[in-house]
1. Suppose each label sits 7 Å from its Cα in the direction of the beta carbon; what would the LYS318-SER229 distance come out to in nanometres?
2. Please identify the GluC sites (Glu not before Pro) of the stretch 254-291 that satisfy two criteria: DSSP loop assignment and at most 11 other Cβ atoms within 10 Å. Which are they?
3. Could you tell me the relative contact order of the stretch 53-176? Use alpha-carbon pairs under 8 Å, at least six residues apart, and round to a whole percent.
4. What is the distance in Å between the Cα centres of the stretch 113-137 and the stretch 246-321?
5. With a 1.4 Å probe and all protein chains kept in place, how much accessible area does VAL122 have, in Å² rounded to the nearest 10?
6. For the stretch 198-318, place one equal point scatterer on every Cα, skip the solvent, and apply the Debye formula. What is log10 of I(q)/I(0) at q = 0.14, 0.15, 0.23 Å⁻¹?
7. Residue by residue through the stretch 154-163, which ³J(HN,Hα) values in whole Hz follow from phi under the Karplus form 6.51 cos²θ - 1.76 cosθ + 1.60 (θ = phi - 60°), with glycine and proline marked x?
8. Ignoring ligands, DNA and RNA, what percent of the 1.4 Å accessible area of the stretch 198-318 is carbon and sulfur?
Amino acid sequence: EERGRREGERRETEERKFQMAVRAALLLLLGLWAGCGLSSSSSSSFPHHLVQLSSRRSACKPVPRSMSLCHGVGYSEMRLPNLLGHDTMKEALQQAASWVPLLTKQCHRETKKFLCSLFAPVCISQMEEPVFPCRSLCEAVRDSCLPVMAAFGFPWPEMLNCSRFPGGNELCIPPVGPEDQGQAPREGEPGGRDTVCTACIDSGPSEKDFLEKVCNQDFALKMTIKSLSGVGGDLKVIPELRGRTLYKQASWSEEERKKPVLWLADGEACSCEELAGGPGTVVLAMGHRLSNRLVLSWVRRWKHGEKELKRFSRAVRKLQC
(Lines give C-alpha, C1' and ligand atoms only; values in the text may rest on other atoms or scores of the structure.)
Protein backbone atom coordinates (compact mmCIF):
# COMPACT_ATOMS: atom_id res chain seq x y z
CA GLU A 1 0.00 0.00 0.00
CA GLU A 2 2.84 2.40 0.89
CA ARG A 3 4.60 1.57 -2.38
CA GLY A 4 1.41 2.29 -4.34
CA ARG A 5 1.00 5.64 -2.58
CA ARG A 6 4.60 6.64 -3.39
CA GLU A 7 4.13 5.60 -7.02
CA GLY A 8 0.98 7.73 -7.24
CA GLU A 9 2.79 10.73 -5.78
CA ARG A 10 5.66 10.24 -8.23
CA ARG A 11 3.28 10.23 -11.19
CA GLU A 12 1.51 13.33 -9.94
CA THR A 13 4.87 15.11 -9.56
CA GLU A 14 5.91 14.16 -13.11
CA GLU A 15 2.55 15.32 -14.48
CA ARG A 16 2.91 18.68 -12.70
CA LYS A 17 6.42 19.10 -14.11
CA PHE A 18 5.18 18.33 -17.61
CA GLN A 19 2.33 20.82 -17.30
CA MET A 20 4.74 23.48 -16.01
CA ALA A 21 7.05 22.83 -18.99
CA VAL A 22 4.17 23.22 -21.43
CA ARG A 23 3.04 26.45 -19.75
CA ALA A 24 6.60 27.76 -19.89
CA ALA A 25 6.79 26.92 -23.60
CA LEU A 26 3.54 28.73 -24.24
CA LEU A 27 4.82 31.78 -22.37
CA LEU A 28 7.90 31.67 -24.60
CA LEU A 29 5.68 31.60 -27.67
CA LEU A 30 3.74 34.51 -26.21
CA GLY A 31 6.91 36.56 -26.17
CA LEU A 32 7.88 35.53 -29.70
CA TRP A 33 4.87 37.29 -31.10
CA ALA A 34 5.76 40.62 -29.47
CA GLY A 35 3.26 40.42 -26.69
CA CYS A 36 0.29 39.64 -28.91
CA GLY A 37 -0.43 36.49 -26.90
CA LEU A 38 -2.25 33.26 -27.52
CA SER A 39 -5.97 32.85 -27.54
CA SER A 40 -6.87 29.59 -25.79
CA SER A 41 -9.43 27.39 -24.14
CA SER A 42 -8.29 24.35 -22.20
CA SER A 43 -11.40 22.38 -23.14
CA SER A 44 -11.14 22.85 -26.91
CA SER A 45 -9.12 20.97 -29.51
CA PHE A 46 -8.27 21.52 -33.16
CA PRO A 47 -10.54 20.23 -35.92
CA HIS A 48 -9.28 16.96 -37.39
CA HIS A 49 -8.84 18.40 -40.90
CA LEU A 50 -6.45 21.05 -39.60
CA VAL A 51 -4.14 18.68 -37.75
CA GLN A 52 -4.01 15.73 -40.13
CA LEU A 53 -2.35 17.49 -43.05
CA SER A 54 0.41 14.93 -43.42
CA SER A 55 0.79 11.25 -42.70
CA ARG A 56 4.27 11.88 -41.27
CA ARG A 57 4.80 12.65 -37.60
CA SER A 58 6.11 16.19 -37.24
CA ALA A 59 9.61 16.91 -35.96
CA CYS A 60 11.44 20.05 -34.86
CA LYS A 61 13.88 21.36 -37.49
CA PRO A 62 16.03 24.53 -37.51
CA VAL A 63 14.48 27.37 -39.49
CA PRO A 64 16.91 27.59 -42.44
CA ARG A 65 18.66 30.89 -43.09
CA SER A 66 17.74 30.46 -46.76
CA MET A 67 14.02 30.85 -45.93
CA SER A 68 13.85 34.57 -46.75
CA LEU A 69 10.14 34.75 -45.97
CA CYS A 70 10.77 34.05 -42.28
CA HIS A 71 14.09 35.86 -41.79
CA GLY A 72 14.12 37.28 -38.26
CA VAL A 73 10.79 35.68 -37.34
CA GLY A 74 11.85 35.38 -33.69
CA TYR A 75 12.29 31.64 -33.11
CA SER A 76 14.82 29.08 -34.25
CA GLU A 77 12.91 25.80 -34.73
CA MET A 78 9.94 24.93 -36.94
CA ARG A 79 7.65 21.93 -37.38
CA LEU A 80 8.12 19.70 -40.41
CA PRO A 81 5.84 18.70 -42.06
CA ASN A 82 4.50 22.22 -41.78
CA LEU A 83 0.87 23.28 -41.52
CA LEU A 84 0.45 23.41 -45.30
CA GLY A 85 1.41 19.76 -45.70
CA HIS A 86 4.94 20.29 -47.04
CA ASP A 87 6.82 17.13 -46.05
CA THR A 88 10.36 18.20 -46.93
CA MET A 89 12.39 21.31 -46.22
CA LYS A 90 13.11 21.69 -49.94
CA GLU A 91 9.38 21.82 -50.70
CA ALA A 92 8.73 24.27 -47.86
CA LEU A 93 11.55 26.55 -49.08
CA GLN A 94 10.34 26.52 -52.68
CA GLN A 95 6.75 27.31 -51.75
CA ALA A 96 7.66 29.95 -49.16
CA ALA A 97 9.90 31.78 -51.64
CA SER A 98 6.94 32.60 -53.89
CA TRP A 99 5.39 34.68 -51.07
CA VAL A 100 8.39 36.96 -50.50
CA PRO A 101 7.15 39.55 -53.05
CA LEU A 102 3.89 39.95 -51.11
CA LEU A 103 5.88 40.50 -47.93
CA THR A 104 7.81 43.30 -49.60
CA LYS A 105 4.54 45.08 -50.46
CA GLN A 106 3.94 45.63 -46.72
CA CYS A 107 0.18 45.31 -47.17
CA HIS A 108 -0.27 44.33 -43.49
CA ARG A 109 2.08 44.60 -40.54
CA GLU A 110 1.53 40.93 -39.62
CA THR A 111 1.87 39.30 -43.05
CA LYS A 112 5.15 37.64 -42.05
CA LYS A 113 3.72 36.44 -38.74
CA PHE A 114 0.72 34.86 -40.48
CA LEU A 115 2.61 33.24 -43.37
CA CYS A 116 5.45 31.94 -41.19
CA SER A 117 2.97 30.40 -38.73
CA LEU A 118 2.02 28.12 -41.66
CA PHE A 119 5.19 27.70 -43.72
CA ALA A 120 7.53 27.53 -40.69
CA PRO A 121 5.29 26.95 -37.63
CA VAL A 122 7.05 27.36 -34.32
CA CYS A 123 8.02 24.00 -32.80
CA ILE A 124 7.63 23.48 -29.05
CA SER A 125 8.90 20.04 -28.05
CA GLN A 126 6.53 19.74 -25.09
CA MET A 127 3.48 20.12 -27.36
CA GLU A 128 2.32 17.36 -29.68
CA GLU A 129 -0.26 19.50 -31.49
CA PRO A 130 0.74 22.54 -33.59
CA VAL A 131 -0.38 26.09 -32.89
CA PHE A 132 -2.33 27.54 -35.82
CA PRO A 133 -2.98 31.20 -36.62
CA CYS A 134 -6.37 32.42 -35.41
CA ARG A 135 -9.07 32.99 -37.99
CA SER A 136 -9.07 36.67 -37.05
CA LEU A 137 -5.35 36.98 -37.91
CA CYS A 138 -5.94 35.33 -41.28
CA GLU A 139 -8.88 37.64 -42.01
CA ALA A 140 -6.93 40.76 -41.03
CA VAL A 141 -4.03 39.88 -43.38
CA ARG A 142 -6.38 38.73 -46.16
CA ASP A 143 -8.48 41.90 -46.08
CA SER A 144 -5.37 44.10 -46.36
CA CYS A 145 -3.38 42.03 -48.87
CA LEU A 146 -6.08 40.72 -51.20
CA PRO A 147 -6.41 44.08 -53.02
CA VAL A 148 -2.64 44.09 -53.61
CA MET A 149 -2.71 40.52 -54.96
CA ALA A 150 -5.77 41.24 -57.09
CA ALA A 151 -3.99 44.21 -58.67
CA PHE A 152 -1.42 41.73 -60.01
CA GLY A 153 -4.04 39.19 -61.08
CA PHE A 154 -3.78 36.81 -58.12
CA PRO A 155 -6.72 35.54 -56.01
CA TRP A 156 -6.51 34.67 -52.31
CA PRO A 157 -5.56 30.96 -52.45
CA GLU A 158 -7.82 28.23 -51.12
CA MET A 159 -5.00 26.84 -48.96
CA LEU A 160 -5.25 30.09 -46.95
CA ASN A 161 -9.04 29.98 -46.64
CA CYS A 162 -9.58 31.65 -43.27
CA SER A 163 -12.49 29.37 -42.37
CA ARG A 164 -9.94 26.55 -41.99
CA PHE A 165 -8.35 28.20 -38.99
CA PRO A 166 -9.57 28.11 -35.37
CA GLY A 167 -11.72 30.80 -33.79
CA GLY A 168 -10.67 32.83 -30.77
CA ASN A 169 -11.98 30.25 -28.28
CA GLU A 170 -9.24 27.81 -29.31
CA LEU A 171 -5.48 27.82 -28.83
CA CYS A 172 -4.17 29.94 -31.70
CA ILE A 173 -2.01 32.93 -32.65
CA PRO A 174 -4.17 36.10 -32.74
CA PRO A 175 -3.52 39.49 -34.34
CA VAL A 176 -2.17 42.29 -32.18
CA GLY A 177 -4.75 44.39 -30.40
CA PRO A 178 -5.57 47.95 -31.51
CA GLU A 179 -3.66 49.34 -28.53
CA ASP A 180 -0.47 47.60 -29.75
CA GLN A 181 -0.61 48.75 -33.36
CA GLY A 182 0.30 52.41 -32.88
CA GLN A 183 0.57 54.88 -35.74
CA ALA A 184 2.18 54.31 -39.10
CA PRO A 185 5.91 55.16 -38.95
CA ARG A 186 7.17 58.37 -40.50
CA GLU A 187 10.34 58.87 -42.45
CA GLY A 188 13.35 58.73 -40.15
CA GLU A 189 11.50 56.58 -37.58
CA PRO A 190 11.75 52.77 -37.19
CA GLY A 191 9.70 51.31 -40.03
CA GLY A 192 10.02 54.52 -42.09
CA ARG A 193 12.56 55.43 -44.79
CA ASP A 194 15.37 54.22 -42.54
CA THR A 195 13.93 50.69 -42.57
CA VAL A 196 16.06 48.34 -44.66
CA CYS A 197 14.24 46.89 -47.66
CA THR A 198 13.56 43.16 -47.22
CA ALA A 199 15.58 42.32 -50.34
CA CYS A 200 18.60 44.16 -48.93
CA ILE A 201 18.77 42.66 -45.43
CA ASP A 202 22.21 41.18 -44.82
CA SER A 203 21.83 37.52 -43.87
CA GLY A 204 25.43 36.34 -44.14
CA PRO A 205 28.28 36.10 -46.68
CA SER A 206 26.82 37.16 -50.03
CA GLU A 207 28.18 34.40 -52.24
CA LYS A 208 27.17 31.61 -49.85
CA ASP A 209 23.74 33.16 -49.33
CA PHE A 210 23.26 33.43 -53.11
CA LEU A 211 24.12 29.76 -53.66
CA GLU A 212 21.73 28.67 -50.91
CA LYS A 213 18.78 30.66 -52.28
CA VAL A 214 19.17 30.73 -56.06
CA CYS A 215 17.29 27.47 -56.67
CA ASN A 216 14.17 28.98 -55.10
CA GLN A 217 14.21 32.08 -57.32
CA ASP A 218 12.71 32.72 -60.77
CA PHE A 219 15.72 34.69 -61.99
CA ALA A 220 19.29 35.46 -60.91
CA LEU A 221 22.06 37.58 -62.39
CA LYS A 222 25.15 39.72 -61.91
CA MET A 223 24.63 43.21 -63.28
CA THR A 224 25.86 46.77 -63.38
CA ILE A 225 23.18 49.33 -62.54
CA LYS A 226 22.38 51.73 -65.38
CA SER A 227 19.66 53.77 -63.68
CA LEU A 228 17.39 53.93 -60.63
CA SER A 229 14.07 55.76 -60.46
CA GLY A 230 11.02 55.81 -58.22
CA VAL A 231 7.66 54.85 -59.73
CA GLY A 232 4.52 54.75 -57.60
CA GLY A 233 6.47 54.00 -54.42
CA ASP A 234 8.53 51.20 -56.00
CA LEU A 235 12.12 51.49 -57.22
CA LYS A 236 12.70 50.84 -60.92
CA VAL A 237 16.11 49.29 -61.61
CA ILE A 238 17.53 49.26 -65.16
CA PRO A 239 20.70 47.14 -65.61
CA GLU A 240 23.43 47.65 -68.19
CA LEU A 241 23.43 44.95 -70.87
CA ARG A 242 27.21 45.03 -71.18
CA GLY A 243 28.98 42.88 -68.62
CA ARG A 244 25.74 41.26 -67.45
CA THR A 245 25.81 37.59 -66.39
CA LEU A 246 22.49 35.74 -66.40
CA TYR A 247 22.46 32.70 -64.12
CA LYS A 248 18.74 31.97 -64.23
CA GLN A 249 16.18 33.58 -66.55
CA ALA A 250 14.15 30.76 -68.12
CA SER A 251 10.87 32.65 -67.70
CA TRP A 252 12.14 35.87 -69.32
CA SER A 253 10.70 36.95 -72.65
CA GLU A 254 12.91 38.02 -75.54
CA GLU A 255 12.01 41.64 -74.75
CA GLU A 256 13.05 41.19 -71.11
CA ARG A 257 16.39 39.75 -72.17
CA LYS A 258 17.03 42.74 -74.43
CA LYS A 259 15.57 45.47 -72.19
CA PRO A 260 15.21 44.11 -68.65
CA VAL A 261 13.40 46.18 -66.03
CA LEU A 262 13.66 45.06 -62.40
CA TRP A 263 11.61 46.35 -59.47
CA LEU A 264 12.34 46.76 -55.77
CA ALA A 265 8.90 46.70 -54.15
CA ASP A 266 8.28 49.77 -51.95
CA GLY A 267 11.85 50.83 -52.69
CA GLU A 268 10.99 54.50 -52.12
CA ALA A 269 9.78 53.76 -48.57
CA CYS A 270 12.81 51.74 -47.39
CA SER A 271 16.58 51.99 -47.69
CA CYS A 272 18.94 49.69 -49.60
CA GLU A 273 22.63 50.24 -48.95
CA GLU A 274 23.43 47.70 -51.69
CA LEU A 275 21.98 50.07 -54.32
CA ALA A 276 23.14 53.31 -52.69
CA GLY A 277 26.07 53.64 -55.09
CA GLY A 278 23.63 54.25 -57.94
CA PRO A 279 24.63 53.90 -61.63
CA GLY A 280 27.82 51.90 -62.11
CA THR A 281 27.33 49.78 -58.99
CA VAL A 282 27.85 46.05 -59.60
CA VAL A 283 25.44 43.76 -57.76
CA LEU A 284 24.27 40.18 -57.55
CA ALA A 285 20.47 40.02 -57.70
CA MET A 286 17.69 37.46 -57.57
CA GLY A 287 13.92 37.63 -57.62
CA HIS A 288 10.51 36.39 -58.70
CA ARG A 289 8.07 37.13 -61.45
CA LEU A 290 4.98 38.76 -59.97
CA SER A 291 2.38 39.19 -62.71
CA ASN A 292 4.13 41.30 -65.39
CA ARG A 293 7.02 42.44 -63.21
CA LEU A 294 10.44 41.04 -62.33
CA VAL A 295 10.53 41.78 -58.59
CA LEU A 296 13.81 41.71 -56.67
CA SER A 297 13.86 39.58 -53.52
CA TRP A 298 17.64 39.63 -52.88
CA VAL A 299 20.33 42.20 -53.77
CA ARG A 300 24.00 42.35 -52.70
CA ARG A 301 26.86 44.51 -53.93
CA TRP A 302 29.66 42.59 -55.67
CA LYS A 303 32.88 43.52 -53.90
CA HIS A 304 35.42 41.30 -55.68
CA GLY A 305 37.28 41.20 -58.99
CA GLU A 306 36.93 39.30 -62.26
CA LYS A 307 38.91 36.28 -61.06
CA GLU A 308 36.61 35.76 -58.09
CA LEU A 309 33.57 36.31 -60.33
CA LYS A 310 34.64 33.53 -62.70
CA ARG A 311 35.10 31.16 -59.74
CA PHE A 312 31.72 32.15 -58.33
CA SER A 313 29.99 31.73 -61.72
CA ARG A 314 31.38 28.21 -62.04
CA ALA A 315 29.99 27.36 -58.60
CA VAL A 316 26.54 28.68 -59.60
CA ARG A 317 26.46 26.68 -62.83
CA LYS A 318 27.39 23.48 -60.98
CA LEU A 319 24.23 23.70 -58.91
CA GLN A 320 21.52 21.19 -59.78
CA CYS A 321 18.28 22.94 -58.92
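1. Roughly 4.2 nm, to one decimal.
2. Details: sites: GLU254, GLU255, GLU256, GLU268, GLU273, GLU274; in loops: GLU268.
Of the GluC sites (Glu not before Pro), not one in the loops of the stretch 254-291 has a Cβ with at most 11 other Cβ atoms within 10 Å.
3. Numbers: 176 pairs, mean separation 30.3, N = 124.
Normalised by residue count, the contact order of the stretch 53-176 is 24 percent.
4. Between the Cα centres of the stretch 113-137 and the stretch 246-321 lies a distance of 33 Å.
5. Accessible area of VAL122: about 20 Å².
6. -0.54, -0.62, -1.64
7. 10, x, 6, x, 4, 5, 10, 4, 5, 5
8. On the way: 2800 of 5770 Å².
Within the stretch 198-318, the accessible surface is 48 percent carbon and sulfur.
The values are calculated or read from the model by the stated rules, or taken from the named source; none is laboratory data. These figures come from a predicted structure and were not determined experimentally. Note that we place each Cβ from the backbone using ideal geometry, even for glycine, and neighbour counts take in every protein chain shown. We work out accessible area using only protein heavy atoms, side chains counted, and drop any ligands, DNA or RNA first. Shrake-Rupley method; radii C 1.70, N 1.55, O 1.52, S 1.80 Å.
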